[in-house]
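The values are calculated or read from the model by the stated rules, or taken from the named source; none is laboratory data. What you see is a predicted model, and the numbers here were worked out from it, not measured in a lab. Reconstructed Cβ throughout: ideal geometry from the backbone, glycine too, with neighbour counts over all protein chains shown. Note: accessible area is taken over every heavy atom of the protein model, side chains too, but ligands, DNA and RNA are not part of it. Shrake-Rupley method; radii C 1.70, N 1.55, O 1.52, S 1.80 Å.
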Amino acid sequence: MLAFNFDNCFVNELPGDPEEGARRRQVHGACWSPVLPTPVAAPSLLAWSPEVAALLDLSSEDVVSAEFAEVFTGNHQLPGMRAYAACYGGHQFGHWAGQLGDGRAINLGEVVNRAGQRWDLQLKGAGPTPYARRADGRAVLRSSIREFLCSEAMHHLGVPTTRALSLTATGEPVLRDMMYDGNPRHEPGAVVCRVAPSFIRFGNFEIPSSRGDHELLARLVDFTIRRDFPDIIGDDVEEKRARWFATVCERTARMVAHWMRVGFVHGVMNTDNMSILGLTIDYGPYGWIDNYDPDWTPNTTDEENRRYRFGQQASIAHWNLSRLAEALAPLSTTLEPLQAGLERFIQVYNGDNRQMMAAKFGFATLRDGDTELIAEAFSLLQAAEVDMTLFFRALALIDLDAPNLEPLREAFYREDLMRRHETAFLSWLERYAARARAEGELAESRRGRMNAVNPRYVLRNYLAQEAINLAEQGDLSRVHELLEVMRKPYDEQPEYARYAAKRPDWARNQPGCSMLSCSS
Ligand code: AMP
Ligand code: MG
């Protein structure tokens, strides 16, 4: 029998919608609406994360039980669960979109584990809610595999993220037009159970503010500080709110600096997809940088403007925080603390980014001239189409006393571009080696430090797509194997070397590998 210790603060302390069920509607004066998952035909467990199960005090017997699949696909509720969908709004692609809300995510409740930690459980794809608008509340297997694997991969890379407990099949088909080209097909349905200390987004604050409901806004802010930021204490409410906003800015900055370190492109940084805890949330058309290109976005919906491209993620995070600041402004007597928070974002991001760049290149800190040296490296990587992940691992192998291109060769995608840029690379490498020698560090310790920040394994788009293709044929082995590899992304793991390989040619322009739509 599964049993959890539920302590459902969110629904207990914040006003809810009096109406139950999934009738589509605008919800005013409430932070959530009670709604149950819609039962499905044949729940079955496809994959699960042992680390997340442990956070919830679940044994492997618990997870493989029939009851688990029923509960975590949404067919059955445990005592103490209070299922609800949250009301939030958001700025999508730069424009205010009004009420959005959990359209297909249903929160089951907040579990307090044996260690006293609080974990919110949420099913994604569990059926429609009042916020489903015209959509079906469901999720397909391919996008659920991507969310499941990437949440865990990001965690093991050391990037703040929501987690994933389980991936289950619903046994029901879902109709999707994957490329939005008038060719809908039935795909297998799935549910991911996401786990995080809180699923509150910037958009949860934007919606009451946009409606002039400052009382609800204040309640939600003070609730969030109390539940999710327990370090922020004191008697002065305005002062606490100011510190809280600065903390949100700081965490968001740290998160984006990590994305830049590992080559992650979120793809849909709308304010409804920004976690108040600074966690990476909502894995949709995300992607990983193969050949280094700051202008790249995996999201086909964003192909034209490239608003959410790799190199623009920090400015977009700042823009999103500015929208949050605007939403919070009615609660402050002066704008100064909000401006200070936004300033804090810039400081923390710049500081983290410098430190992160130094570490990636194997320097203790950045010295005079390093910024130029690093900028030159990135422009070479871009011009010569060099794989970002392979490049940084190879850089740790360079013999600083006799630098040559040999270790870098496999990081190039194109012979012709390699030859064209060979001289420039060599010249850069010589200057780099001289600078790195000045660190006065032994080769082995230098390699160890660089390899601790430069992953060997990332969830490359083509790897996820291969796992999806097999899973759609009923073979989950690749999903399991990728989960296993991504648990130790900084280790060599020679037995899994094939998963460190650069994107193969066939994947260059394949849907799912190089570009993704929002269809999920
Ligand atoms: P996203 O772009 O995935 O962040 O989603 C934007 C909004 O659309 C959110 O409010 C989602 O809950 C909602 N949404 C996306 N897909 C579905 C779906 N299949 N059914 C219901 N709501 C959805
Ligand atoms: Mg979303």
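Can you name the number of the only condition in (1) at pLDDT 95 or above; (2) touching an Asp or Glu at 6+ places or on another chain (Cβ under 7 Å) that Ala497 fails?
(2) is the only condition that Ala497 fails.
Go through segment 355-383 and count every residue that is among the hydrophobic types (A, V, I, L, M, F, W, C) and out of contact with any Asp or Glu (no Cβ under 9 Å at 6 or more places or on another chain).
Matching residues across segment 355-383 total 10.
Could you give me the residue pairs with C-beta distances under 6 Å whose first residue belongs to segment 436-459 and is under 20 Å from Glu152 (Cβ atoms), whose second residue is modelled with pLDDT of 95 or more and open to solvent by 30 Å² or more (accessible area, probe 1.4 Å) wherever it lies, and which are 6+ apart or on separate chains?
Close Cβ pairs (under 6 Å, with a partner that is modelled with pLDDT of 95 or more and open to solvent by 30 Å² or more (accessible area, probe 1.4 Å)) amount to Ala452/Tyr490; Pro455/Tyr490.
In this structure, is Ile232 closer than 26 Å to Gln92 by Cβ and in contact with a helix residue (DSSP H, G or I) (Cβ under 9 Å, 6 or more places away or on another chain)?
It is false that Ile232 is closer than 26 Å to Gln92 by Cβ and in contact with a helix residue (DSSP H, G or I) (Cβ under 9 Å, 6 or more places away or on another chain).
Tell me yes or no: at least one residue of segment 363-382 is modelled with pLDDT of 95 or more, crowded, with 17+ Cβ neighbours inside 10 Å, of a type in the set (Val, Ile, Thr) and under 30 Å from Arg456 (Cβ atoms).
Yes, segment 363-382 contains at least one residue that is modelled with pLDDT of 95 or more, crowded, with 17+ Cβ neighbours inside 10 Å, of a type in the set (Val, Ile, Thr) and under 30 Å from Arg456 (Cβ atoms).
I'm told Ser60 meets every condition in (1) open to solvent by 50 Å² or more (accessible area, probe 1.4 Å); (2) without any contact (Cβ under 8 Å) to a residue 60 or more places away in the chain; (3) under 25 Å from Glu172 (Cβ atoms) except one. Can you identify the failing condition by its number?
Answer for Ser60: the failing condition is (3).
What number of residues in segment 271-284 are more than 10 Å from Glu147 (Cα to Cα), open to solvent by less than 10 Å² (accessible area, probe 1.4 Å) and within 15 Å of ligand 1 (Cβ to nearest atom)?
Adding up the residues that qualify gives 4.
Residues that are modelled with pLDDT of 95 or more, assigned to a helix (DSSP H, G or I), in contact with a Phe, Trp or Tyr (Cβ under 6 Å, 6 or more places away or on another chain) and not β-branched (Val, Ile, Thr): does segment 201-216 have at least one?
yes
Filter segment 289-329 down to the residues that are aromatic (Phe, Trp, Tyr) and over 16 Å from Gln382 (Cβ atoms), then identify the one that is least open to solvent (accessible area, probe 1.4 Å).
Top of the filtered list is Tyr308.
Can you tell me which of Gln382, Gln347, Gln355, Gln339 is under 30 Å from Arg508 (Cβ atoms), among the polar types (S, T, N, Q), in a helix (DSSP H, G or I) and out of contact with any Ser or Thr (no Cβ under 6 Å at 6 or more places or on another chain)?
Gln382
On the given criteria, is Ala169 within 16 Å of ligand 1 (Cβ to nearest atom), touching a residue at least 24 places away in the same chain (Cβ under 8 Å) and of a type outside the set (Val, Ile, Thr)?
In short, no.
Of the conditions (1) in a helix (DSSP H, G or I); (2) under 25 Å from Phe148 (Cα atoms); (3) open to solvent by less than 30 Å² (accessible area, probe 1.4 Å); (4) among the hydrophobic types (A, V, I, L, M, F, W, C), Val458 clears all except one; give me its number.
All conditions are met except number (1).
Please name all residue pairs, on different chains or six or more residues apart, with Cβ atoms under 9 Å, provided the first residue is in segment 406-432 and is part of a loop (DSSP other than H, G, I, E, B) and the second residue is crowded, with 17+ Cβ neighbours inside 10 Å and among the hydrophobic types (A, V, I, L, M, F, W, C).
These pairs meet every condition: Tyr413/Ala384; Tyr413/Val386; Arg414/Ala384.
Please work out which residue is nearest to ligand 2 (Cβ to nearest atom), limiting yourself to segment 70-90 and to residues that are over 16 Å from Phe6 (Cβ atoms) and surrounded by fewer than 23 Cβ atoms within 10 Å (Cβ to Cβ).
Here the residue is Asn75.
Tell me the residue from Val195, Val159 that is touching an Asp or Glu at 6+ places or on another chain (Cβ under 8 Å), surrounded by fewer than 24 Cβ atoms within 10 Å (Cβ to Cβ) and within 25 Å of Ile225 (Cα to Cα), please.
The conditions single out Val195.
Has segment 20-34 got at least one residue that is β-branched (Val, Ile, Thr) and open to solvent by 10 Å² or more (accessible area, probe 1.4 Å)?
Looking for residues that are β-branched (Val, Ile, Thr) and open to solvent by 10 Å² or more (accessible area, probe 1.4 Å), one finds none in segment 20-34, hence no.
Would you be able to tell me the number of residues in segment 91-139 that are of a type in the set (A, V, I, L, M, F, W, C) and within 16 Å of ligand 2 (Cβ to nearest atom)?
11
Name the pairs whose Cβ atoms lie under 6 Å apart, with the first residue in segment 127-147 and under 18 Å from Met515 (Cβ atoms) and part of a strand (DSSP E or B), the second more than 6 Å from ligand 1 (Cβ to nearest atom) and open to solvent by less than 20 Å² (accessible area, probe 1.4 Å), and 6 or more positions between them or separate chains?
Hits for this filter: Val140/Val174; Val140/Glu187.
Residues Asp177, Asp231: which one is modelled with pLDDT under 95 and exposed (fewer than 14 other Cβ atoms within 10 Å of the Cβ)?
It is Asp177.
Quick check: is even one residue across segment 94-104 of a type in the set (D, E, K, R), near ligand 1 (Cβ under 10 Å from one of its atoms), at pLDDT 95 or above and open to solvent by 40 Å² or more (accessible area, probe 1.4 Å)?
Yes - at least one qualifying residue is present in segment 94-104.
Within segment 386-414, work out how many residues are over 26 Å from Pro455 (Cβ atoms) and either under 34 Å from the mean Cα position of the chain (by Cα) or of a type in the set (A, V, I, L, M) (or both).
1
Restricting the search to segment 268-280, which residues are under 25 Å from Asn454 (Cβ atoms) and either within 11 Å of ligand 2 (Cβ to nearest atom) or in a strand (DSSP E or B) (or both)?
Matches in segment 268-280: Met269, Thr280.
List pairs: first residue in segment 302-320 and on the phi > 0 side of the Ramachandran plot, second residue open to solvent by less than 60 Å² (accessible area, probe 1.4 Å) anywhere in the structure, Cβ distance under 7 angstrom, at least six positions apart or on different chains.
Between residues of segment 302-320 that are on the phi > 0 side of the Ramachandran plot and residues that are open to solvent by less than 60 Å² (accessible area, probe 1.4 Å), the close pairs are Arg306/Thr297.
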